[in-house]
Amino acid sequence: MKKSITLMLVVVLALLSACTAAPAETDAPAEPAAPQATTAPEPSKVPEQPAAPAAKPVIAVCLPALDNPLMLGFQDAFKGTFGADYDVQVASADGNPNSQATQVENFTAMKAKFMFVMPVESTSLVPKLIAARQAGVKVLVAGGDPGNAEAYDGVMMMNQFLAGSFEAWMAKQWVDKTYPDAADGSVETVIFESTLNTDAAARSTGMKMLVEPYLKNVKGEYVDAAGKVVAEADKIANPAYSSKVKVVQTVQAEMFQAGQTAMQNALTTNPKVKLVLAYAGDGGMGASQAIMDEFAKGAGVSAIEDINKVAVFGVGMIGPEGAAVLDSATNKTVFRGTIRFGGDLVGRTMEWAGKMLNGEVPGIIYDPLDIVTVVDGKLMGLPVEQSEYFLVPTGQPVEIKLGPPPG
């Protein structure tokens, strides 16, 4: 009996071993199948994914400050004109040249497409501007020549010598009208100059053309009517020259307070001064204030007897200069004329920025000049047709409406 049971257990164990020893042929793992070629779904069946918005190219605007209407006008104009297509970024240097240099470096690192710069101080900024151009940034500079053609693709600037020359011409017109019968050298005149930099010296040299009988360029060379250098034998008369004028003082003065103080001193030493040519409109208005204060002392005390026969002229109209000229019509000031440069400076900048974004490389862009005076109680601007050499204007004055810059 025990043998039968043992035998049965052996048979069962054998059967169980046979079942687990090797998998059945149908259970063997299949050979890896070759990858089947896939067919891309039809485009219409591919779920559309929202594309990431492309970053806008950067337009950099580097301003010396944002503390006056002109600078704010630049900021608003760039954003309004180009903001739809470009990332317009405006930086204010707050009058610090080091800050502006850092801002230019940062915009260069950002690979800005275009950079507009009004330098706080040009000389130290030149290497940064050159580096920006070498990095592929298009650079437009405004306000003056940086002194190196490698520092810009375009530069908007005034011909400083001509601005001074046209101020002299404007003063001559006033002298001839106010003192038609004056003897030579009888109209005592003070010149407020500046020699702080090359541009300032050039404008100041132009102002002195009032007492230069022959036409010259900024280097003091004789030139003909087309600005071509000629020999002394071929020199021609200077249209801005007045033989009636005698310069009794030449002093350094630019801004309002300096002009006011310089004029007070001039009236002490030369009380018969009738004419002032100022380097800048601001300094000219300071001189005008000093003259008005002197006149207010009254007859018998004031050195000025007839306020109608005293005049101050200057260069610049980016602030209150226009209103001061207009007020001279009623003798609220004696600031009787100025040279406006740039015309619609903000509008012209937008125009040139657009051209440069389209690949144009303009080089030097001379600002247009206007001779601004009062005619029949209205503020009028006489356009100067030639911005490269002196040419007497032949056009007609156009009324100037005062308002936001450019005024």
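Residues in segment 343-362 that are in contact with a helix residue (DSSP H, G or I) (Cβ under 8 Å, 6 or more places away or on another chain) and either part of a strand (DSSP E or B) or polar (S, T, N, Q) (or both): how many? Qualifying residue count for the region: 1.
Scanning segment 317-368 for residues that are under 15 Å from the mean Cα position of the chain (by Cα), crowded, with 22+ Cβ neighbours inside 10 Å and not hydrophobic (A, V, I, L, M, F, W, C) turns up R340, G342, T349. Checked against (1) closer than 21 Å to N217 by Cα; (2) among the aliphatic types (A, V, I, L, M); (3) part of a strand (DSSP E or B); (4) in contact (Cβ under 8 Å) with a residue 60 or more places away in the chain, A240 meets all criteria but (3). Based on this model, can you work out whether V126 counts as surrounded by 15 or more Cβ atoms within 10 Å (Cβ to Cβ) and within 21 Å of F78 (Cβ to Cβ)? When the stated conditions are applied, V126 does not pass them. Filter segment 274-313 down to residues that are of a type in the set (K, R) and part of a loop (DSSP other than H, G, I, E, B) and give me whichever is nearest to the chain's Cα centre (by Cα). Within segment 274-313, the match that is nearest to the chain's Cα centre (by Cα) is K274. Count of segment 186-200 residues, restricted to those that are of a type outside the set (V, I, T), more than 16 Å from S122 (Cβ to Cβ) and out of contact with any Phe, Trp or Tyr (no Cβ under 9 Å at 6 or more places or on another chain), is 1.
Kindly establish whether P180 is in a loop (DSSP other than H, G, I, E, B), surrounded by 13 or more Cβ atoms within 10 Å (Cβ to Cβ), more than 30 Å from the chain's Cα centre (by Cα) and not aromatic (F, W, Y). Taking the combined requirement at face value, the residue does not satisfy it. What is the number of the single condition among (1) part of a loop (DSSP other than H, G, I, E, B); (2) modelled with pLDDT of 95 or more; (3) surrounded by 13 or more Cβ atoms within 10 Å (Cβ to Cβ) that K208 does not meet? It is condition (1) that K208 fails.
Listed by first and then second residue, the pairs linking a residue in segment 182-201 that is in contact (Cβ under 8 Å) with a residue 60 or more places away in the chain to a residue that is loosely packed, with under 14 Cβ neighbours inside 10 Å and not hydrophobic (A, V, I, L, M, F, W, C), with Cβ atoms under 7 Å apart and 6 or more places separating them unless they lie on different chains, are E188/K272. Taken over segment 323-369, the criterion of being touching a Ser or Thr at 6+ places or on another chain (Cβ under 7 Å), over 17 Å from I400 (Cβ atoms) and at pLDDT 95 or above is satisfied by V334, M350.
Out of V346, V384, V361, V374, one residue alone is out of contact with any strand residue (DSSP E or B) (no Cβ under 6 Å at 6 or more places or on another chain), assigned by TED's automatic domain parsing to the domain that holds K177 and aliphatic (A, V, I, L, M). It is V374.
The values are calculated or read from the model by the stated rules, or taken from the named source; none is laboratory data. The structure displayed is predicted, hence computed values, not measured ones. Note that we place each Cβ from the backbone using ideal geometry, even for glycine, and neighbour counts take in every protein chain shown.
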